Each structure stands twice: as C-alpha cells, then as structure tokens.
Amino acid sequence: MIVTRFAPSPTGFLHLGHAYSAAFAWQKARHGGGKFLLRIEDIDPTRCRDEYITAIEEDLAWLGLAWERPVRLQSRHFGDYQAALDKLRGKNLLYPCFCSRKDIMAEIADSGHAPHPASQGPEGVVYPGICRHLSSAERERRMESGMPYCWRLDMERAMKSVGELNWLDEGRGAMAANPQDFGDIVLARKETPASYHLAVTVDDALQGVTCVTRGEDLLRATDVHRLLQALLELPAPFYHHHRLLTDVAGRRYAKRDKAMTLRALRENGASPSEVMNMVGGWPVFG
Ligand code: GLU
C-alpha cells in the first residue's frame, strides 16, 4: 500500500508552494488507495513555534486535506534519532568535530582552496576534515573539557562500507547517488540532537512511507538519505520530486512572502478552490 507524507517545518505560515506540495502527496496517496501522513519537522527549537503547528493543521484542513492520526512531531522522538546515531557510532562512522565556522573557513583559505569549487558541495562549503584525524585521546580530552562539538559522518568510510547506491525517482528514473559531494556532513549538534537528513530518513522508515514526494530543491538531499538508509539498514522508498512553484516574477515562494501565505489569502476572502487554481489545480495522477 502506498504511504505518502507532507513534512513541513513550523517556522512560519504555509504558502502556495506548500499547498501544492501537500496536495501532491495527498492526491498521490488517494490515487493509489493508500495513506497520507502529516509530519511536523520541528527539530530546531530556535526556529520552530507551536502556533505555526496549529496554523498548519488548520490551513491544510481548510484546503480539504485529511491525514492519519496521530501526527508525528519530530521533537518528541529524539530517542529514535539517538538510536540511529548510536548505530552509526557503533560502526565507527561518526566522529566529533570541534570546529567553528571560522576554523573551517581559515583551514580552507590556508590550504589554498578558496574560492576553488572543490570546497563547495550541494549544501555549501565542504568540511575540510580537520577533526577527522584527531586521536581518540584528544577527542576525549576535548569532549570532557566542555568544548562544543557536533557529530560528523566520515563520508569516505561510509561510502566504502556500502558501495554504489541508486534510488528511484518516478519522473526521472534510476538515479545514481553521489553523497560524497556533500563531504563529512553534520548529523547531530548539541542544540539540535538530530540533523534534517538524519531525522527525515529515520522517520520515513519508521512511519512506513513508501513514496516520498517533495520539491525538486531536495533532489540532491536524497543522495544523502539513500546512504543513511543503507548504513542504518532501512528500506528505501521511491521518490517523486515535483516542480517548484514560482510567483509572477519567477521567484520561488517563501515564508517571507506574507501575501502568499494560505492564512493571508484566506483572510482576504479566497476560497480553497481559488487557492488550488493559483497553484495550477489539484495534481492529477494516472
Ligand atoms: N521539512 C522539510 C521542509 O520543510 C521537508 C522535508 C522533506 O519533505 O523531506 O523543507
């Protein structure tokens, strides 16, 4: 049975792009006679607010969507992400990194890389590996001294342990995963004990999501998710990365475009079907 999900972060009101993405996942599940889930991605307490969670549910219900209960709030499941981190640590694939952004930029400048594209990955600067080479005694000493740190994935070792990976996108076909382009990604920090990549991969598996639908801005992120699935021995769902909606000026909708939030459109008298017309109508499958 097909299981899809819409997974917004409660950092603002939903906008037209979200309406399309949510409708896409909902229609996809309905078309396949399956289930549609709503998941709240609130792992970052500095950016997420409870009032937006209520607003997300109200706006989706107003559009006419219905979802399975209970809704999963990521902030209530840190234990699940911790277990995944423990598993990766048990395989010797994580290391603590004590670098500040300043340390990283200085190292890149020193090594003569900057502004060489070799230091740029799909999510910005690739970590130059400074802390990968610390001895275990030094790691322990720094951790005990109370220095702040995050956990990074040793990408090279991780890739070696799983070999070549592919994932399936409905529109694009088989895609070769190249997570090595991201370098040693951060999987957990002190203030957010799970990164987006880790939480989304663990949750999609735990919730039995079979088809991940989301915007094509996250196409490359799927390479990382596929790697984490392989390392954590989780099933691989299939994917459908949909087009991104843009405003009349050709810019992607963002939470800062207050006039294009569902909340504002609704308050200005728009009906749900008018809003769906603004995003090109309900997505059609089959
Ligand atoms: N929470 C992510 C976002 O709001 C979406 C994650 C996903 O669909 O994988 O962009």
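The values are calculated or read from the model by the stated rules, or taken from the named source; none is laboratory data. Being a predicted model, the structure only gives us computed values, none of them experimental. Backbone-built Cβ (ideal geometry, glycine too); neighbour counts: all protein chains shown. What goes into the accessible areas is simple: the full protein's heavy atoms, side chains included, and nothing from ligands, DNA or RNA. Shrake-Rupley method; radii C 1.70, N 1.55, O 1.52, S 1.80 Å.
For the subset of segment 208-225 comprising residues that are farther than 25 Å from Leu73 by Cβ and more than 11 Å from the chain's Cα centre (by Cα), which member is farthest from the ligand (Cβ to nearest atom)?
Asp223
Can you tell me which of (1) more than 16 Å from the ligand (Cβ to nearest atom); (2) part of a helix (DSSP H, G or I); (3) out of contact with any Phe, Trp or Tyr (no Cβ under 8 Å at 6 or more places or on another chain) is the one Ala205 doesn't meet?
(1)
Each row is one residue, and each column tells you yes or no for (1) touching an Asp or Glu at 6+ places or on another chain (Cβ under 7 Å); (2) part of a loop (DSSP other than H, G, I, E, B).
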residue: Ser21; (1), (2): no, no
residue: Trp26; (1), (2): no, no
residue: Leu38; (1), (2): no, no
residue: Ile43; (1), (2): no, yes
residue: Cys48; (1), (2): yes, yes
residue: Glu51; (1), (2): no, no
residue: Ile56; (1), (2): no, no
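Could you check segment 178-191 and list, in sequence order, the residues that are within 16 Å of the chain's Cα centre (by Cα) and either among the small types (Gly, Ala, Ser) or not in a helix (DSSP H, G or I) (or both)?
Hits for segment 178-191 are Ile185, Val186, Leu187, Ala188, Arg189.
Looking at Arg5, Arg47 in this structure, which one is open to solvent by less than 20 Å² (accessible area, probe 1.4 Å) and either over 21 Å from the mean Cα position of the chain (by Cα) or within 12 Å of the ligand (Cβ to nearest atom) (or both)?
Every option except Arg5 fails the conditions.
Assess whether Val200 counts as being within 12 Å of the ligand (Cβ to nearest atom), in a strand (DSSP E or B) and aliphatic (A, V, I, L, M).
So Val200 does not fit the description; no.
If you take the residues in segment 119-143 that are modelled with pLDDT of 95 or more and acidic (Asp, Glu), which one is farthest from Ala84 (Cα to Cα)?
Glu138
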